[in-house]
1. Over the Cα atoms of region 220-455, what Rg and Dmax result, in angstrom?
2. Rank-order 327-337, 160-170, 419-429, 297-307 by packing density, defined as the average count of other C-beta atoms within 10 Å over each peptide's residues, highest first.
3. Taking 20 °C and 1.002 mPa s as the conditions, I'd like the Stokes-Einstein D for region 114-208 in µm²/s, using the Kirkwood hydrodynamic radius from alpha carbon pairs.
4. By counting other Cβ atoms within 10 Å of each Cβ, how are 444, 403, 122 ranked from fewest to most?
5. Evaluate E = 1/(1 + (r/R0)^6) for residue 152 and residue 368, where r is the Cβ-Cβ distance and R0 equals 60 Å; express this FRET efficiency to the nearest 0.05.
6. Classify region 1-76 from the C-alpha gyration tensor, please: rounded if a/c falls under 1.5, else prolate or oblate depending on whether a/b exceeds b/c.
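Just so it is clear, none of the values below were taken in a lab; they were calculated from the coordinates. Nothing here was measured: the structure is a model prediction, and the numbers come from that model. All Cβ positions, glycine included, derive from the backbone under ideal geometry; neighbour counts span all protein chains shown.
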């Protein structure tokens with residue numbers, strides 16, 4: 001039996017275990033004190049030092065026993081005063097040593113999902129290297145011209161070792177853990193609640209990066225059929241005299257001035273979505289004071305405006321629009337979100353399932369159809385934007401006001417729902433979007449519209 005003082009054992013910082021469940025640790029401590037230490041920690045000699053390979057939880061529990069002046073037994077022998085038994089991993093290779101550590105730690109219940117993902121990734125890498133090493137050994141025994149048909153280690157192999165199953169769902173879980181383990185230094189990934197959530201965040205980040213690169217390649221203007229998309233600050237476009245008196249309908253979803261970047265919710269399809277703009281009240285107020293007069297300038301003599309806003313900002317926005325010259329309907333329109341809604345206070349509720357929008361009239365423009373002031377919609381599948389509105393909602397609003405050939409504008413186009421909605425009613429849409437990520441997303445919408453037209457696909461509902 002080998003023994004060593006606890007303080008002499010070196011625990012390297014790269015070991016995957018960073019947090020310990022206090023209850024589980026207490027249970028282990030009680031088990032050692034009441035019975036005995038069944039399996040001593042595994043150490044490896046490195047130079048003049050002994051380095052921990054496996055058994056960090058046991059060492060921590062033993063350390064707490066010693067701190068309280070206690071003792072424990074192993075193989076009938078009593079240990080005290082910081083002395084612990086250990087197993088010498090001996091002449092094992094580095095791969096074998098890592099296997100010993102992983103074998104122990106992957107079975108522990110108190111690993112965080114981050115630690116578990118890192119361990120799974122290490123196990124997969126270890127098994128891959130072991131398989132390659134074995135293949136190399138076989139090759140060395142064969143004639144030069146012969147190569148053995150040794151299958152490579154797969155995700156399915158790792159899934160089977162961990163769970164006993166090779167089914168697609170088990171492979172998918174392992175694959176996600178291996179992928180996210182490479183990005184644990186990413187703050188958004190590290191703070192996720194699960195590996196599955198982290199994977200969703202990673203996919204969204206990758207999509208964002210692709211979109212930003214696409215925007216750089218295409219440039220600041222994109223046209224498809226009669227529709228125009230511009231990567232531009234809306235105030236700059238609206239202040240251009242060339243755009244005065246141009247639009248029949250303004251339909252847009254500006255920032256709400258409600259601190260969206262700090263707006264909590266209960267997770268789900270909003271996981272990992274970030275707001276890339278200043279949504280403070282002060283920023284909103286400054287923006288609306290500049291934007292509202294320009295809406296009146298770019299609108300035709302007879303025009304309608306539909307503007308989404310937070311309920312706390314409705315009366316202030318109404319005042320800005322009226323000061324600009326619009327007649328504003330005294331009560332808001334309400335969008336009832338059937339299958340979605342955020343929970344600002346996840347532990348207390350309720351789920352917020354409605355939004356409001358301001359309806360304004362310039363001149364005496366009549367409506368095309370009269371519909372209720374409450375609209376019920378379901379969310380779009382792709383929630384790449386934290387405030388994305390469904391196309392069906394935009395269609396419902398436009399059909400109240402437009403006729404074929406009308407010009408409509410969305411000054412905060414986001415992911416571009418204005419384009420398929422306007423296309424449904426044979427209108428010309430202009431979308432303005434400052435963020436290159438969303439600009440590229442809107443570009444894809446326009447490209448899809450063009451392709452569907454070529455294939456004769458009707459986008460109407």
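1. 16.9, 52
2. Details: 327-337: 15.9, 160-170: 13.7, 419-429: 23.4, 297-307: 21.0.
Final packing ranking: 419-429, 297-307, 327-337, 160-170.
3. Details: Rh = 14.9 Å.
In µm²/s, the coefficient is 144.
4. On the way: 444 13, 403 10, 122 19.
Least to most surrounded, the residues fall as 403, 444, 122.
5. On the way: r = 63 Å, r/R0 = 1.05.
So the FRET efficiency works out to roughly 0.45.
6. Working: a/c = 1.96, a/b = 1.28, b/c = 1.53.
Oblate, since a/c reaches 1.5 and b/c is not below a/b.
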